[in-house]
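Here is the structure we will look at, set down as structure tokens.
No lab work stands behind these numbers, since they all come straight from the coordinates. Source: prediction; values computed, not measured. Neighbour counts are summed over all protein chains in view; Cβ atoms, including those assigned to glycine, are modelled from backbone coordinates with ideal geometry.
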Amino acid sequence: MKSLYSNPELLRYARAQLRPGRLLTTAIICFALSLTIGFAALHGESRSADALGAAGLGLLHTAFLVQALVLAAGGGIACLHSIFGEKEQNTFDYQRITRLTPLELALGKLFGAPLLTYWICLCLAPLTFYAAFVGHAHLPFVFAAYAVLLVASLAFHAFTLLISLFSVKGSQVTGTVLALLLLWLGSVEIFGTAVCMHSLGPFIAADLALENSWEDPHTLIKLANGRELREFAIPSRFEDVFWGHPVHHFPILLGIDLSLALWFLLAVVRNIKRDPQQYVAYSPWQFLAFVLYLNVILVSFYSAKWGTLYDSESFLLFVNLVIFFFLGVALLRNRQRARAMLYASQSRSAFWSGRFWPAPVLVLGTLLAGMLIIVALNYRQVPEKHWNVGFAVLRALAFTVWMVSNMQLLQCLGLRPGKHPLVMGALYLSIYYVCAGGMLGVVGCFREPRLMPFGSLFVPSAIFLLEPSTWMEGPALWMASFVVQAALIVLLFFVQTNVFRRIAIHAQT
């Protein structure tokens with residue numbers, strides 16, 4: 001394998017983006033903007049020493065925000081257009097047949113496409129360090145902020161490169177909007193107090209640069225409640241809680257972002273030199289490993305004091321619903337891939353495995369995730385009075401059946417002939433849940449305990465409301481909802497068998 005500096009793909013981007021004239025022009029523009037902004041922020045009017053220091057810290061914060069916007073958003077869009085642009089120009093197939101290995105080609109695009117944004121950040125670095133000098137900021141935190149900026153941006157670049165690889169003609173705008181939306185979601189704490197971990201996005205570097213101590217002191221607030229004097233500990237803004245123990249957010253962010261970048265890069269390397277009809281993000285074992293990795297992160301930073309144990313399990317299962325949906329869609333096989341698999345193998349094993357795909361992987365993954373959640377909840381908190389492990393296991397099993405039935409339905413619909421069958425299948429499924437959930441919600445099936453078992457027959461998400469008290473309102477109906485989902489899975493297996501039989505006949509002729 002060639003070194004990164006001698007990578008032909010990286011050198012191609014360097015020759016295109018780092019021409020001397022362009023570098024000089026960019027440097028002059030950045031210098032002019034830095035001079036203007038710095039003078040306006042620090043020397044616009046006479047200031048005292050304290051006011052000048054505060055202005056310097058404000059400028060330091062702004063400089064990191066601008067660099068995060070340039071490097072993360074700008075570099076991410078460049079990576080998003082790197083493979084998609086090659087597809088539009090019909091030159092990507094030429095790159096697929098070059099002697100470059102998949103890893104060399106992926107690394108060349110990952111570090112080559114955003115080269116100009118790295119140069120812009122380098123040109124803005126003097127303004128950053130000048131603001132740090134004026135504001136008396138601590139240099140270790142400035143360098144730590146740059147490390148966070150680079151690592152978080154690298155993870156986002158790897159993700160946008162993966163989107164670019166799987167994008168089809170006409171989806172460029174959608175991919176850009178999705179990437180920017182996920183960048184925003186990664187930069188805010190979307191789970192609130194439920195997950196004691198701060199954001200993993202690059203914009204948090206602006207706050208880290210203003211810190212002055214690695215310690216995480218707790219602010220104790222004493223409140224008199226009658227005769228009782230209680231103390232509440234408020235953690236600092238960079239403190240995470242890992243399995244009940246406070247840790248600083250800096251190593252957590254670096255570790256998680258680097259590992260996520262490797263996971264995204266793995267999917268790119270697996271598929272970048274394949275035919276687009278044969279794209280598969282992860283193998284079944286890699287899929288299971290990625291799902292467990294995400295669940296370990298989720299339960300490690302989950303706040304056990306948020307709600308009851310049943311509420312906690314419902315929240316964690318709902319997050320897994322999102323995880324398994326998006327990763328499960330990547331497991332689905334389209335009609336072309338199923339035909340190619342049957343044609344290449346010409347064996348009954350491929351036919352029989354196709355009949356039940358992707359149920360085996362999803363069953364194993366959801367069961368492992370459910371068991372991990374139950375074990376973590378029992379470990380993290382003393383069981384409550386109404387907490388019953390048997391009901392928790394039953395809810396996890398119901399989640400497994402529901403997830404398998406949904407993905408099996410999408411697999412059957414995705415094997416139909418036509419244009420974008422999987423997209424249409426997801427649209428039909430969404431319409432059903434919106435309409436059924438809306439009608440049942442109006443009549444109180446999700447509020448009244450006596451109506452919850454009836455609602456579970458039509459919308460299995462009511463399983464998140466299953467508790468010992470609601471179970472007694474209609475155990476027969478709760479069990480009937482499980483039987484209906486299991487019968488639906490068997491029916492979908494039968495339908496998928498007939499579809500594969502027809503595809504196999506066409507593959508043999």
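Miscellaneous remarks
- Helix-only arithmetic for the chain: the sum of -39500 (n - 2.57) across DSSP H runs with n ≥ 4, divided by the residue total, places the mean residue ellipticity at 222 nm at -22500 deg cm²/dmol.
- Local charge for Y282 was computed over the other residues whose Cβ lies under 15 Å away, with Lys and Arg +1 and Asp and Glu -1, and equals +4.
- Segments 265-273, 471-479 sorted - mean Cβ within 10 Å per residue, highest first: 265-273, 471-479
- Fewest-first ranking of W119, W357, using other Cβ atoms within 10 Å as the exposure measure: W119, W357
- Peptides ranked, highest mean first, by Cβ atoms within 10 Å: ranges 137-150, 394-407: 394-407, 137-150
- Span-rule helices in the chain, defined as complete DSSP H runs reaching 27 Å or more along the axis (Cα) with Kyte mean at least 1.0: 20-42, 49-68, 115-134, 139-166, 249-271, 309-331, 359-380, 389-414, 421-442, 475-508
- Across the options S461, G328, W119, the greatest Cα extent toward the positive end of the charge dipole of the chain (unit charges at beta carbon of Lys, Arg, Asp, Glu) belongs to G328.
- Label of the coordinate-derived value, Rg and Dmax of the Cα atoms in Å, listed as (1) 26.7, 86; (2) 29.5, 92; (3) 29.1, 114: (1)
- Cα convex hull of segment 280-509, projected area averaged across orientations, nm²: 13.2 nm²
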